[in-house]
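Notes for the one structure printed next.
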Amino acid sequence: MPELVYINPLSAAKIVAAISIVLGFIAGIIIVFLGLFTVLASLVIPVSTVEAGADLLSGVLQVIVTTIALAILGFITGGIAAFIYNIAAGIFGGLDLGFVDAIFVAEEEPGNENSIGYE
């Protein structure tokens, strides 16, 4: 079975950073929607329009800050995790990985009793 014995830390860092950008953007959007509740509450509770608008602006800035912060943290974390994996794989051995040579969609072939779709 193939064994994964090395991960390029820069490659892992870029992938984790890309994933973190998406997660940071999603988290930022959630924060903005929570900020919108403050704006809606200002319609019921007497709060100045300036304060409500500031809350909305801070929510938009929060999307940007959260996205950038998580991208940076993801990059650093991905690189460190790959570095630690490489050390551990050198000591304990790498991950055993299973690969399939070809994946196909099983069509009404006589004698094909494999319902997963692998040869």
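The values are calculated or read from the model by the stated rules, or taken from the named source; none is laboratory data. Because the structure is a prediction, the values reported are computed rather than measured. Neighbour counts are summed over all protein chains in view; Cβ atoms, including those assigned to glycine, are modelled from backbone coordinates with ideal geometry. These accessible areas exclude ligands, DNA and RNA; they are computed on the full protein's heavy atoms, side chains included. Shrake-Rupley method; radii C 1.70, N 1.55, O 1.52, S 1.80 Å.
What are the pairs, 6+ residues apart or on separate chains, where a residue within the stretch 46-69 that is at pLDDT 60 or above has its Cβ under 7 Å from a residue that is open to solvent by 90 Å² or more (accessible area, probe 1.4 Å)?
Once the first residue is at pLDDT 60 or above and sits in the stretch 46-69, its partners that are open to solvent by 90 Å² or more (accessible area, probe 1.4 Å) give Val63/Phe25; Thr67/Phe25.
Please enumerate the residues belonging to the stretch 81-103 that are open to solvent by 80 Å² or more (accessible area, probe 1.4 Å), in a helix (DSSP H, G or I) and touching a residue at least 12 places away in the same chain (Cβ under 8 Å). Break it down into steps so the answer makes sense when it comes.
Applying the first criterion (open to solvent by 80 Å² or more (accessible area, probe 1.4 Å)) to the stretch 81-103 yields 83-84, 87, 91-92, 95-96, 99, 101, 103.
Of the ones still in play, those that are also in a helix (DSSP H, G or I) are 83-84, 87, 91-92.
The answer is Phe83, and nothing else.
Within the set of pairs 6+ apart or on separate chains, which have a first residue in the stretch 5-25 that is closer than 17 Å to Ala89 by Cα and open to solvent by less than 50 Å² (accessible area, probe 1.4 Å), a second that is in a helix (DSSP H, G or I) and β-branched (Val, Ile, Thr), and C-beta atoms under 9 Å apart?
Matching pairs, first to second residue: Pro9/Ile80.
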